[in-house]
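Written below as structure tokens is the structure these notes are about.
The values are calculated or read from the model by the stated rules, or taken from the named source; none is laboratory data. Every value quoted in this text rests on a predicted model; they were computed, and no experiment measured them. Reconstructed Cβ throughout: ideal geometry from the backbone, glycine too, with neighbour counts over all protein chains shown.
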Amino acid sequence: MIIRSRKTYYTFFRTDTFLSAVWLLLMVIFAVFGPFITGENGSRGILPFNADKLHPSASFLPPFSTIEPDGRVFYLGSDHLGRDLLSGIVTGARSSMLVALAAMTLASVLGTLLGGLAGFFGDRQIIISRAAWMAGGIHLLLVWFYLIYVPRYTWQDLPDAGLFGSLQFLLQILLFWLCILIITYALLVLFRYIPWFRKGLPLPIDTWSTGFTEIFASVPRLFLVLSLVAVVKPGVWTFVLLMGATSWIGAARLVRGQMLRIRRQEYIEAAYALGISRRKIWLRHALPNSAAVVLVDFTFGVAAILMAESTLSFLGVGLPPEVTSWGKLLSNIKYDAAAWWLVVFPGLTIFLTILSIHTLGDAVRKKINPREIA
């Protein structure tokens, strides 16, 4: 019999958790209603300045400085171009939070699928015929042969091609991939007429995914992202893809470990006894029961991506120059080291946001696992 502490039921009502929720709610309001707060949509905003409005004569003004002749106030000071720092923080909440949430969503999906398949099916549960192995190998070679011959400038100019140009380029790739798929399917049908190709071989997905995860984890993420940014032209969605494609390792490891436990549970064995297929058991029972660990990893992953985006934007290799983010606001200190407000207020915003996410993530973890509470 497990006796749960009263702390279990009051985890979400502690002062630090409540303050963290209030701060994150404020950041969400900034991200959603930022254009109305700063007046970016053409209407008069709540704040006196727009984030992109330049005031060259009011550069490096300290907090609560006024600008003549209308007497508007820079509540948190201004940068080297006379832009309002408070409006920049409100506007930067949208890009910073959007990148962190979108990238971690992508990473959670990738990690859940890879770790779920590896942990639940193992190395000998998925049997593939030799014909499918051969056809799949030919398919990958043809796809790789096409992709490496796509002109490099096409990939680099994709963020600037516009919606129609990007859709046209992606449509060409999809049509070519469809042609390759038809060719390899025809080869698969032909191979099945040969008895040797009809024999099945197990797919060692657990060994492959574990080895790929360890190799990927051995490369520092910051170094990997910097290498990829040097090849691909920066863009908001390009950066989201890069961060999401390099942040799935934690989710994959957690879900794999959870699947190793779930597949031995009694309800899984009962589902097998009822004649339910392994694929349906994985989709309907195993994956939903691993959602708790994915949620905890998601909260901590958002904070990690937010920190990585701020670091890369501070170095000038993150988001495009025209996009305002907290890391870019922090990088304005290089123009005048005496302008302390350019470091304190953006840095404090980043610190409080990451601290709040970690606090809520820890509360979620304790709510899911009451035994961990001392």
Does the stretch 316-354 hold any residues that are under 25 Å from the mean Cα position of the chain (by Cα) and loosely packed, with under 15 Cβ neighbours inside 10 Å, and which are they? Gly316, Val317, Pro321, Glu322, Leu348, Phe351
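Let's see how each residue does on (1) under 20 Å from Ser325 (Cα atoms); (2) not aliphatic (A, V, I, L, M):
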site	(1), (2)
Leu47	yes, no
His55	yes, yes
Phe64	no, yes
Ile67	no, no
Gly71	no, yes
Tyr75	yes, yes
Ser78	yes, yes
Leu86	yes, no
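Condition check ((1) aliphatic (A, V, I, L, M); (2) outside any helix (DSSP H, G or I); (3) modelled with pLDDT of 90 or more; (4) closer than 27 Å to Asp52 by Cα) across all residues:
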{"site": "Leu101", "(1), (2), (3), (4)": "yes, no, yes, yes"}
{"site": "Leu110", "(1), (2), (3), (4)": "yes, no, yes, no"}
{"site": "Gln125", "(1), (2), (3), (4)": "no, yes, no, no"}
{"site": "Thr154", "(1), (2), (3), (4)": "no, no, no, no"}
Which listed residue is within 30 Å of Leu342 (Cα to Cα), without any contact (Cβ under 8 Å) to a residue 40 or more places away in the chain and under 31 Å from the mean Cα position of the chain (by Cα), from Arg72, Arg83: Arg83
Using beta carbons and a limit of 8 Å, which pairs, at least six apart or on different chains, have the first residue in the stretch 332-356 and touching a residue at least 40 places away in the same chain (Cβ under 8 Å) and the second one of a type in the set (Phe, Trp, Tyr) and assigned to a helix (DSSP H, G or I)? Pro346/Trp326; Thr349/Trp326; Ile350/Trp326; Leu352/Trp23; Thr353/Trp23; Ser356/Trp23
Give all pairs with beta carbons closer than 9 Å in which a residue from the stretch 228-247 that is in contact (Cβ under 8 Å) with a residue 24 or more places away in the chain and closer than 16 Å to Ser108 by Cβ meets a residue that is surrounded by fewer than 16 Cβ atoms within 10 Å (Cβ to Cβ) and of a type in the set (Ser, Thr, Tyr); count only pairs at least 6 apart in sequence or on separate chains. Gly244/Thr105
If you go through the stretch 272-288, how many residues are more than 26 Å from the chain's Cα centre (by Cα) and either surrounded by fewer than 19 Cβ atoms within 10 Å (Cβ to Cβ) or at pLDDT below 85 (or both)? 9
Given the residues Leu295, Leu312, which is the only one that is surrounded by fewer than 22 Cβ atoms within 10 Å (Cβ to Cβ), closer than 30 Å to Thr210 by Cβ, within 18 Å of the chain's Cα centre (by Cα) and not small (Gly, Ala, Ser)? Leu295
Quick check on the stretch 17-34. Is at least one of its residues of a type in the set (Val, Ile, Thr), more than 27 Å from Leu312 (Cα to Cα), in contact (Cβ under 8 Å) with a residue 24 or more places away in the chain and part of a helix (DSSP H, G or I)? yes
Could you tell me whether any residue of the stretch 330-338 is in contact with a Leu (Cβ under 7 Å, 6 or more places away or on another chain) and at pLDDT 85 or above? yes
Report whether or not Leu106 is in contact (Cβ under 8 Å) with a residue 12 or more places away in the chain and under 27 Å from Leu170 (Cα atoms). yes
Mind telling me which of the residues Ala107, Ala93 ends up being closer than 30 Å to Asn289 by Cβ and within 34 Å of the chain's Cα centre (by Cα)? Ala107
What's the number of the only condition in (1) more than 17 Å from Met27 (Cβ to Cβ); (2) touching a residue at least 60 places away in the same chain (Cβ under 8 Å); (3) not in a helix (DSSP H, G or I) that Pro321 fails to meet? (2)
Please indicate, with yes or no, whether at least one residue in the stretch 203-214 is under 30 Å from Arg253 (Cβ atoms), touching a strand residue (DSSP E or B) at 6+ places or on another chain (Cβ under 9 Å) and at pLDDT below 85. yes
Checking the structure you have, find out if any residue of the stretch 40-56 is assigned to a helix (DSSP H, G or I) and among the hydroxyl-bearing types (Ser, Thr, Tyr). no
Kindly check whether there is at least one residue in the stretch 132-146 that is touching an Asp or Glu at 6+ places or on another chain (Cβ under 9 Å) and modelled with pLDDT of 85 or more. no
